[in-house]
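Just below is one structure, and these are the notes that go with it.
Every number here is computed from the coordinates shown, using simple stated rules; none is lab data. Everything numeric here is computed off the predicted structure, so don't read it as measured data. When we count neighbours, we look across all protein chains shown, and the Cβ atoms used for this are built from the backbone with ideal geometry, even at glycine.
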Amino acid sequence: MNEFQRRALKNRVIVVILVVLLCVYLFPLYWMFSTATKSKVDAFSLPPKWVWRPQGDNFRGIFYVGAGGALGTVRGIELKLKPSAFLRQLGNSIVVSFVSTLLATFLGALSGYVFSRMRVRGKDDLLFVILSSRMLPPVVIAIPLVMMYRSLGLFDTRFGLIIMYTVFNLAFAVWMMRSFVDDIPREYEEAALVDGYSRFQAFFKFVFPEMRVGMVATAIFSLIMTWNEFTFSLLLTGERARTAVPSIAHSLGTAGVNWGHIAAGSFLMVLPVVVFTFLLGGNLIRGFTFGAIKE
Amino acid sequence: MSSVRVEELYKRFGRVEAVKGISFEVKEGEFVVLLGPSGCGKTTTLRCIAGLEQPDKGKIYFDDEDVTPLSPAARNIAFVFQLYALYPHLNAYDNIAFPLRAEGLPKSEIQQRVSEVARLLQIEDILHLKPRKLTSGQKQRVALARAIVRRPRVFLLDEPLSSIDAKLREVTRAELKKLQRSLKATTIYVTHDQVEAMTMADKIVVMNFGDIQQIGSPHEVYHYPANLFVARFIGSPGMNFIPGSVEERSGQLGVAINSAYFLPLSEEQRLALARFSPSVHQVILGVRPENILVVGDEEKVLDGEVYVFEPLGAQNVVTFRVLGHLLKALLPGDVVLRVGERVGLNFREVRIFHAETEKLIA
């Protein structure tokens with residue numbers, strides 16, 4: 001075997017390994033999707049069915065109370081469908097995570113800029129303090145938080161959750177954005193300053209558009225973190241403001257586990273993040289390699 | 001165009017004193033170069049003049065107006081950055097128009113002024129291109145156009161030629177100088193390249209360690225360097241130094257080198273030495289490479305052994321070993337020497353420096 005053949009073989013082995021890894025990563029998603037679209041009988045059949053007739057009962061079941069089984073009449077009485085709480089919870093998830101992501105990214109961009117560009121007294125200590133908010137497990141501060149939220153009237157409100165998540169994502173956003181701004185040459189804004197623009201104009205006209213890639217990357221991370229957040233949503237909300245993730249777990253109810261519902265709910269939860277990430281994915285990859293390659 | 005006056009400018013970053021209370025003046029239409037090695041405070045000085053840094057102490061005047069408290073925008077200056085700092089999302093035209101838009105000029109006037117400048121710098125055909133598509137030479141022209149277009153009071157240039165290749169740099173140097181002359185633009189130009197300083201400046205401000213070492217015309221700075229630093233920094237190769245002591249031999253005052261050789265002093269140098277009190281004994285002789293001559297036995301002052309011979313074509317750089325010192329000489333291209341050969345050397349235009357203060361005596 002000569003050098004070229006060896007290299008070709010090596011490449012082929014790498015491809016095979018990657019394909020296997022990809023399958024391993026995608027398998028849970030596949031399993032979730034199949035369970036969500038299988039009937040109860042199909043879902044539990046052994047050996048697993050690889051071909052099945054897709055059906056939407058599970059999806060209907062999570063949106064409507066009492067739609068889990070067959071639809072129709074029971075003892076001559078038409079079964080009325082009652083909307084479940086899931087739609088509202090999904091709405092909560094969307095509102096809370098998008099608003100807090102927007103806020104965290106925007107504020108993070110502003111303070112990241114300041115930390116990168118201005119001489120701030122005790123800058124390094126401040127940055128450390130900001131990061132340290134992420135150093136302890138959230139559960140540790142859960143009880144005082146719940147008490148505070150109750151006395152402030154923030155308990156079980158979307159607003160309360162938005163504040164919580166904004167603050168939590170902000171630590172990450174500040175650090176991300178600071179390193180992004182570090183990589184934007186100072187000369188550009190200075191040129192704008194000299195050219196007769198104010199610091200604010202220079203920032204919004206020039207630095208802000210250059211920060212777009214960084215902001216998108218930050219936003220994707222924040223969104224995924226918020227969207228999937230479990231602990232605070234569970235602890236700081238009751239019925240009204242609860243987001244979808246803890247409520248899916250909630251269907252591990254007393255009447256046994258409805259795996260079909262869990263799979264359908266999880267599938268719906270994964271979907272928006274996947275779509276969002278795919279739409280902005282190019283930016284994300286550029287975001288990762290930002291600064292790694294000099295132009 | 002304005003004149004610029006810097007008075008007692010002092011700036012520190014944390015514990016580092018970047019600029020230690022320097023003063024100098026730039027007349028209207030004058031081309032002044034701030035020259036020095038990296039970290040000498042020249043760029044900080046320029047940024048203070050631009051208003052990009054606030055000095056800790058000292059004042060900056062344009063004409064007789066104190067601009068120290070003004071923002072960069074209010075100073076009406078143009079700044080050309082080392083890497084041009086062209087806005088990547090704007091094409092060349094919009095880049096040049098950018099400062100005019102900040103002033104809120106009407107569209108027609110902007111267009112007229114941009115095309116005027118574009119014609120001057122011969123960049124009319126690349127106005128529609130984004131910076132990414134421009135060569136470094138073109139970028140540099142666009143950056144200059146952006147500087148010129150707003151008719152500023154002062155031009156500030158921070159190593160504008162350092163990122164273009166050597167051949168183009170030579171051409172641009174000449175063009176830049178011509179442009180500056182024709183615009184009668186007050187210009188402050190920062191560089192670490194002494195060739196740029198020598199070729200372009202009306203006046204050179206040599207800096208080191210945050211302090212001014214010398215202010216003078218290229219001729220003064222080259223022929224009468226104020227101290228050893230300037231002598232070493234200016235010229236390529238830099239000045240040669242040989243330590244010696246002032247002695248009187250057979251009624252003539254001169255410098256003895258290692259007691260073996262004796263170099264008589266000129267009248268002017270003798271007078272300058274006489275002004276020192278207490279009198280100076282230890283001095284350092286400074287000789288420019290082109291002032292070392294290979295001569296016959298009757299004219300020679302000292303003997304040298306050829307140590308390195310570097311032919312450059314028109315000239316040769318020859319390193320001689322003289323009493324343990326290495327001296328670099330620039331000799332005409334037709335003088336060919338073998339390594340190890342011993343020749344007689346003579347000097348012309350010798351400067352003497354104080355051995356302790358390292359300052360020029362004469």
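Name the helices (complete DSSP H segments) of chain A with a Cα length along the long axis of 20 Å or more and a Kyte-Doolittle mean of at least 1.0, or state none.
Values: long enough: A:3-37 (49 Å, 1.09); A:86-117 (45 Å, 1.09); A:158-182 (34 Å, 1.18); A:212-227 (22 Å, 1.46); A:259-289 (40 Å, 1.41).
What comes out of the filter, once short or polar helices are dropped, is A:3-37, A:86-117, A:158-182, A:212-227, A:259-289.
Going by neighbour counts of Cβ atoms within 10 Å, the residues A:ILE141, B:ILE126 line up, fewest first, as A:ILE141, B:ILE126. Our note on the geometry: Cα centres of the stretch B:228-289 and the stretch A:22-61, 96 Å apart. Its relative contact order, with pairs defined as Cα atoms under 8 Å and 6+ residues apart, puts the stretch B:76-170 at 52 percent. Of A:PHE115, A:PHE204, A:PHE59, the residue with the greatest mean-square motion in the GNM of chain A, using alpha carbon springs below 10 Å, is A:PHE204. In angstrom, the C-alpha Rg and Dmax of chain B are 24.7, 82. What separates the Cα centres of the stretch A:164-214 and the stretch B:53-101 is a distance of 20 Å.
Mind checking the alpha-carbon convex hull of the stretch B:212-362 and giving the volume per residue in Å³? Display every interim value, and only then the final one.
On the way: hull volume 18.3 nm³, N = 151.
Roughly 121 Å³ of hull volume per residue.
Among the DSSP helices (H) of chain B, those spanning at least 24 angstrom by Cα along their long axis with an average Kyte-Doolittle hydropathy of -1.0 or more are B:166-183; this is a geometric and hydropathy rule only. Residues A:MET147, B:MET239, B:MET207, A:MET269, arranged from fewest to most other Cβ atoms within 10 angstrom of their Cβ, appear as A:MET147, A:MET269, B:MET239, B:MET207. The mean of 1/r over all distinct Cα pairs in the protein assembly as shown, once inverted, gives the Kirkwood hydrodynamic radius of 31.9 Å.
With the alpha-carbon atoms of the stretch B:7-61 aligned to their principal axes, the span from lowest to highest coordinate is 36, 24, 18 Å, starting with the largest.
Hey, fewest Cβ within 10 Å first, where do A:ILE248, B:ILE164 land in order? Can you show the working numbers first?
Details: A:ILE248 21, B:ILE164 16.
Lowest count first: B:ILE164, A:ILE248.
Average projection, convex hull of the Cα set of chain A: 24.8 square nanometres.
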